[in-house]
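Data block below; observations after.
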Amino acid sequence: MKMPRHLMMFSLAVVFAIMVQGAWAQVHPPIPQKLRGDPAKGERLYRFRGCQTCHGANGKGGNLGPDLTRPWPRRDFSWYQTYLANPRSYVSTSIKPPTRISSKEMEDLVAYLLRLKGRR
């Protein structure tokens, strides 16, 4: 039995889309991050502020927020700073409270989070 032409074209389109997506990921690696902040200080701040209560990392911590070691979309350093300071600026339904810390502490925290993601 011969496959109908429209199903054949659809199947080819799906295969092509999958191939393009894979090629895109190889050609466009994660955005390089400008080296700012101290990840070790950021980790201490993460623990001191109790972030692990809601967020897991490497199988440890809470599950109310996302696991911080799972892949994130490609974002730059300033996106994370803005999001952490005001989560609803990007996700209107976010229940994450704003992170109120100094700009230097924010750089350290973002450096730590990017290190968790293997982006630095």
Legend entry - Selection within region 34-69 - more than 14 Å from Lys96 (Cβ to Cβ) and hydrophobic (A, V, I, L, M, F, W, C): Leu35, Ala40, Leu45, Phe48, Ala57
Legend entry - Whichever residue in region 65-94 is assigned to a loop (DSSP other than H, G, I, E, B), touching a residue at least 24 places away in the same chain (Cβ under 8 Å) and not charged (D, E, K, R) and, among such residues, is surrounded by the fewest Cβ atoms within 10 Å (Cβ to Cβ): Pro71
Inset, instruction - Please verify whether region 20-37 includes one or more residues that are over 13 Å from the mean Cα position of the chain (by Cα), at pLDDT 75 or above and in a helix (DSSP H, G or I). - result: no
Inset, instruction - Identify all residues within region 41-64 that are surrounded by fewer than 17 Cβ atoms within 10 Å (Cβ to Cβ) and part of a helix (DSSP H, G or I); write none if there are none. - result: Lys41, Arg44, Arg47, Phe48, Gln52, Thr53
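Here's the yes/no breakdown for (1) at pLDDT 90 or above; (2) among the hydrophobic types (A, V, I, L, M, F, W, C); (3) closer than 22 Å to Phe48 by Cα; (4) out of contact with any Leu (no Cβ under 9 Å at 6 or more places or on another chain):
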{"site": "Lys60", "(1), (2), (3), (4)": "no, no, yes, yes"}
{"site": "Gly65", "(1), (2), (3), (4)": "no, no, yes, yes"}
{"site": "Pro71", "(1), (2), (3), (4)": "no, no, no, yes"}
{"site": "Arg74", "(1), (2), (3), (4)": "no, no, no, yes"}
{"site": "Trp79", "(1), (2), (3), (4)": "no, yes, no, yes"}
{"site": "Leu84", "(1), (2), (3), (4)": "yes, yes, yes, no"}
{"site": "Thr93", "(1), (2), (3), (4)": "yes, no, no, yes"}
{"site": "Lys104", "(1), (2), (3), (4)": "yes, no, yes, yes"}
{"site": "Leu116", "(1), (2), (3), (4)": "no, yes, yes, no"}
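The values are calculated or read from the model by the stated rules, or taken from the named source; none is laboratory data. Predicted, not measured: the structure shown is a model, and the values here were computed from it. Backbone-built Cβ (ideal geometry, glycine too); neighbour counts: all protein chains shown.
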